[in-house]
Each structure stands twice: as structure tokens, then as C-alpha cells.
Amino acid sequence: MRPEDMQQSSRGLNKGVKLVVGLGNPGSQYECSRHNVGFRVVDILSVRHGIRLSEYRFSSLMGYGKIAKRDVVLAKPLTYMNRSGLAVSAMTTWHNLDFSDVLVVLDDIALEQGRLRIRAKGSDGGHNGLKSVIRALKTEEIPRIRIGIGMPNPAVDIATHVLDAFQKDETLIIQEALLRAADAVSVWIEHGIDRAMNEFNC
């Protein structure tokens, strides 16, 4: 589906459209890193719902389609993690979206590996990607899904930990978490943030 097929004006989509942004870093060297779980959830949604990520706009790889009969934009900012807000702000402004209709999916070292934490708003929690989004949009009232990747071994610094790939013994836990996160996105789209929190926060 082309963006113009969903538009009612030159600066917006049909009312009620949802923007789902997975945070991560572009490039094959980061593809399987802990920091890129947001990208991977968007990829899962793309495959599940037949939404091709084929548009390059707003410094992002994007796809337009429907989930639960709702107009949806899937996006993976290509600005690198620490500048994610530039892309999210541009997409939000151009599509004329309310902040409550923007969902950010990201990793969280403070959460036990595989756990999900869904919130309607809040601080960045020390995550540079979310910090960039909050700064660019000038609000903390951004719905988000955090996916736990666990704290590093004390001998490993945090930057190395988040940019490393998951170990073999971690892959099953993380894959299950990514699938549940994709389920949570669909519930958020269809039923809202409260339902998603009630079903997936644990």
C-alpha cells in the first residue's frame, strides 16, 4: 500500500493510524545485536502482516499497511540509535500523529532477559535511543515496549554488551520475547495501551 493511498491530505494519514518504530542500528554488523531487538520486532510484524519495508523516507526504512484492520506505519530509523529522535520526529510531524499513536520498541538492560515492560509514558531509563526520541518530540508521553536483554557480566562494559550478538543459550528466550512483543504491538493497535499492559507486563 502506498502512503498516498492512506492519506486524506498532503500531510496526514487516515485518522487513527498507528506508527510502530523499532529502534536499532543499521548495518549487517549490528543485525543480530542485543541493541537491535526493536528492529527485529518490526521485521516480525512486516512478515506476519504482509507489510513490505520498501519505502526509504524520513531517514528510515518504512512500510505502510494494516494490522487488525487499522492503518499502520512500520519504521526502522537508519540514523543510528543515538539520533533516532530525528527520524521519529519527522515521521510524527509529517503524518500529523498524536504522540499516543506512536509506539517505540526497544531493548532494556535493566530488565531480566526476555521480559517485556509496556508503558504509556515515562523517562528514557538511560536508553540513548529513547532519550533522543523524547528530546526530539519534547515529551515523555510516548508509549513504549521494552524488551529485557539483561545486564552484562561485570567484566563486560555496557556498550560492548548491547552491541554484541546474543549467545546460543540466549536465542530461544529472546526469540520468544520478540514474538510476544510483536503480539503486544498488535494488541496495542487494536485495543490500546491499557489492554497491552494488562496482557503482557509480567
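The values are calculated or read from the model by the stated rules, or taken from the named source; none is laboratory data. This structure is a prediction, so every number in the text was calculated from the model and none was measured. Please note: Cβ atoms are built from the backbone with ideal geometry, for glycine as well, and neighbour counts cover all protein chains shown.
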Across (1) surrounded by fewer than 20 Cβ atoms within 10 Å (Cβ to Cβ); (2) among the aliphatic types (A, V, I, L, M); (3) within 23 Å of Lys66 (Cβ to Cβ); (4) touching an Asp or Glu at 6+ places or on another chain (Cβ under 9 Å), Leu179 clears everything bar (4)
Taking the condition of being of a type in the set (Lys, Arg) and assigned to a helix (DSSP H, G or I), how many residues in region 138-172 meet it? 1
Looking at region 18-34, which of its residues are surrounded by fewer than 24 Cβ atoms within 10 Å (Cβ to Cβ) and either acidic (Asp, Glu) or within 29 Å of Arg70 (Cβ to Cβ) (or both)? Lys18, Leu19, Asn25, Pro26, Glu31
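At least 3 residues that are of a type outside the set (D, E, K, R), in contact with a helix residue (DSSP H, G or I) (Cβ under 8 Å, 6 or more places away or on another chain) and without any contact (Cβ under 8 Å) to a residue 60 or more places away in the chain in each: list the strands (runs of 3 or more DSSP E) lying fully within region 62-122 that qualify. Spell out how you get there, then give the answer.
Values: elements: 70-77, 102-108, 116-119.
Answer list for region 62-122: 70-77.
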Top-ranked residue in region 82-109 [being buried (at least 17 other Cβ atoms within 10 Å of the Cβ) and polar (S, T, N, Q); ranked as nearest to Tyr64 (Cα to Cα)]: Thr92
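Take the conditions within 17 Å of Asn25 (Cβ to Cβ), crowded, with 18+ Cβ neighbours inside 10 Å, in contact (Cβ under 8 Å) with a residue 40 or more places away in the chain and in contact with a helix residue (DSSP H, G or I) (Cβ under 9 Å, 6 or more places away or on another chain) and apply them to Gly148. Does it pass? Give the derivation first.
On the way: within 17 Å of Asn25 (Cβ to Cβ): no; crowded, with 18+ Cβ neighbours inside 10 Å: yes; in contact (Cβ under 8 Å) with a residue 40 or more places away in the chain: yes; in contact with a helix residue (DSSP H, G or I) (Cβ under 9 Å, 6 or more places away or on another chain): yes.
Criteria not met by Gly148.
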Considering only residues that are closer than 17 Å to Arg40 by Cβ and hydroxyl-bearing (Ser, Thr, Tyr), look in region 156-202 and name the one that is modelled with the highest pLDDT. Ser186
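Restricting region 3-50 to residues that are in contact with a His (Cβ under 7 Å, 6 or more places away or on another chain), hydrophobic (A, V, I, L, M, F, W, C) and part of a strand (DSSP E or B), which is modelled with the highest pLDDT? Before you say what the answer is, go through the steps one by one.
First, the residues of region 3-50 that are in contact with a His (Cβ under 7 Å, 6 or more places away or on another chain): 12-13, 17, 19, 24-25, 34.
If we keep only those that are hydrophobic (A, V, I, L, M, F, W, C) as well, we get 13, 17, 19.
Keeping just the survivors that are part of a strand (DSSP E or B) gives 13, 19.
On the way: Leu13: 53, Leu19: 98.
My answer is Leu19.
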Out of Leu106, Leu179, Leu116, sole residue that is touching a Cys at 6+ places or on another chain (Cβ under 8 Å), aliphatic (A, V, I, L, M) and closer than 29 Å to Val17 by Cβ: Leu116
